[in-house]
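The values are calculated or read from the model by the stated rules, or taken from the named source; none is laboratory data. Fair warning: this is a prediction, and the values are worked out from it, not measured in the lab. Cβ sites come from the backbone with ideal geometry, for glycine too, and all protein chains shown count toward neighbours.
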Amino acid sequence: MSKKKIPPRPEELALPCVGVDTHAHMDYGAFDQDLDAVLDRARSAGVGWVGNVFLGPENFAANVGIFAARPDVFYLLGVHPHEATSADDAALSRMQDFFRTEPRLKAMGEIGLDYYYADKSPPEIQRKAFREQLALARALDVPVAIHSRDADNDVITTLLDLGFKDRPVLWHCFGKGRDLAATILAQGWHISFPGVLTFPKNEQVREAVAFAPLERMVLETDCPFLSPVPYRGKRNEPSYLAFVAAAAAECKNMDPAELWTRCGETARKFFGLDAAGDIQDNSA
């Protein structure tokens with residue numbers, strides 16, 4: 001009887017502590033029992049910063065306190081298209097207040113359109129919520145992180161209609177090929193690559209990684225979802241970003257530590273993170 005192969009640990013890749021997980025959902029119940037241990041493992045694996053995405057102002061108000069003692073965590077906040085019906089005037093007003101008073105809030109997201117799950121929120125309501133949040137992001141002068149599923153053309157058209165060409169836009173959880181990547185990059189936007197690029201059948205994503213310039217690409221886990229190989233099917237966590245970087249480096253035929261460092265620099269510039277590991281206060 002053969003022994004079960006033990007997967008490598010992310011710290012074994014010996015990456016410097018300059019990496020940025022640009023998209024994580026660590027306020028989910030999946031991390032209730034071991035949040036600090038998970039974040040400590042991330043630092044051991046070279047992840048110096050984690051961007052936690054809060055889905056809506058109520059979620060932010062209820063859960064932001066769990067990261068109070070973790071300055072290595074910065075925040076994103078937005079109403080997800082699945083909950084677009086909740087993006088009323090009161091919710092947008094609360095979001096505005098949070099962005100003006102919390103310096104660790106660095107971007108609005110994830111916001112966008114999701115026609116694959118259109119039953120969760122009617123497309124016309126999604127489009128209204130998306131446009132209103134983009135307008136708020138313009139008014140606050142903050143970057144946006146985009147969620148797009150089966151809605152790429154409408155998302156791009158909306159962004160361009162509202163004047164977001166060459167503004168700080170990050171296409172979260174990119175899972176398509178080179179053509180869409182080229183369209184996104186042509187608008188001056190950034191692309192975030194998740195663990196799906198490690199899946200054997202996702203050659204189109206690896207082609208997009210090979211095509212994207214390092215100054216416009218970043219990495220994410222989207223944890224607790226989308227664990228990369230060799231942990232596919234298990235709970236994802238920020239330390240596993242190391243495996244995403246290793247796969248991306250293979251696509252580009254370059255040293256993983258160099259790609260890790262360059263993508264980290266791109267992410268820190270996009271979100272306004274201090275190279276020393278602290279969160280900059282960009283509030284007026």
Query raised in the report: Quick check: is even one residue across segment 24-35 in contact with a Leu (Cβ under 6 Å, 6 or more places away or on another chain) and either surrounded by fewer than 20 Cβ atoms within 10 Å (Cβ to Cβ) or farther than 22 Å from Phe193 by Cα (or both)?
Result: no
Query raised in the report: Just one of the numbered conditions (1) farther than 24 Å from Gly264 by Cα; (2) not in a helix (DSSP H, G or I) is not true of Phe60; which one?
Result: (2)
Report task. Having 1 or more residues that are out of contact with any helix residue (DSSP H, G or I) (no Cβ under 9 Å at 6 or more places or on another chain) is the bar; report the helices (runs of 4 or more DSSP H) wholly within segment 182-277 that clear it. Result -> 203-211, 256-271
Report task. List every residue pair whose Cβ atoms lie under 8 Å apart, where the two residues are 6 or more positions apart in sequence or sit on different chains, the first residue falls within segment 220-236 and is on the phi > 0 side of the Ramachandran plot and of a type in the set (Asp, Glu), and the second residue, located anywhere, is crowded, with 17+ Cβ neighbours inside 10 Å and assigned to a loop (DSSP other than H, G, I, E, B). Result -> Asp222/His25; Asp222/His172; Asp222/Cys173; Asp222/Pro194; Asp222/Asn236
Query raised in the report: Within the group Asp36, Asp27, Asp32, Asp21, which residue is in contact (Cβ under 8 Å) with a residue 12 or more places away in the chain, farther than 21 Å from Leu219 by Cβ and either touching a Ser or Thr at 6+ places or on another chain (Cβ under 7 Å) or not basic (Lys, Arg) (or both)?
Result: Asp36
Query - In segment 147-163, residue farthest from the chain's Cα centre (by Cα) [restricted to those that are under 16 Å from Ala129 (Cα atoms) and in a loop (DSSP other than H, G, I, E, B)] - result: Leu162
Query raised in the report: In segment 76-90, which residues are in a loop (DSSP other than H, G, I, E, B) and either under 11 Å from Glu58 (Cβ atoms) or of a type in the set (Asp, Glu) (or both)?
Result: Val79, Asp88
Report task. Could you check Ala275 against (1) at pLDDT 95 or above; (2) small (Gly, Ala, Ser); (3) in contact with a Lys or Arg (Cβ under 7 Å, 6 or more places away or on another chain) and say which number it fails? Result -> (1)
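Would you mind stating whether Leu134 is in contact with a helix residue (DSSP H, G or I) (Cβ under 6 Å, 6 or more places away or on another chain) and either touching a residue at least 24 places away in the same chain (Cβ under 8 Å) or exposed (fewer than 14 other Cβ atoms within 10 Å of the Cβ) (or both)?
No; evaluated as a whole, the condition is false for this residue.
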Query raised in the report: Picking from Leu136, Leu113, Leu159, Leu197, which residue would you name as being touching a Lys or Arg at 6+ places or on another chain (Cβ under 9 Å), within 14 Å of Val79 (Cβ to Cβ) and modelled with pLDDT of 95 or more?
Result: Leu113
Report task. Report yes if some residue within segment 148-164 is of a type in the set (Phe, Trp, Tyr), in contact (Cβ under 8 Å) with a residue 24 or more places away in the chain and over 22 Å from Ala186 (Cα atoms); otherwise report no. Result -> no
Query - Residue within segment 13-23 that is out of contact with any Lys or Arg (no Cβ under 6 Å at 6 or more places or on another chain), among the hydroxyl-bearing types (Ser, Thr, Tyr) and surrounded by fewer than 24 Cβ atoms within 10 Å (Cβ to Cβ) present - result: no
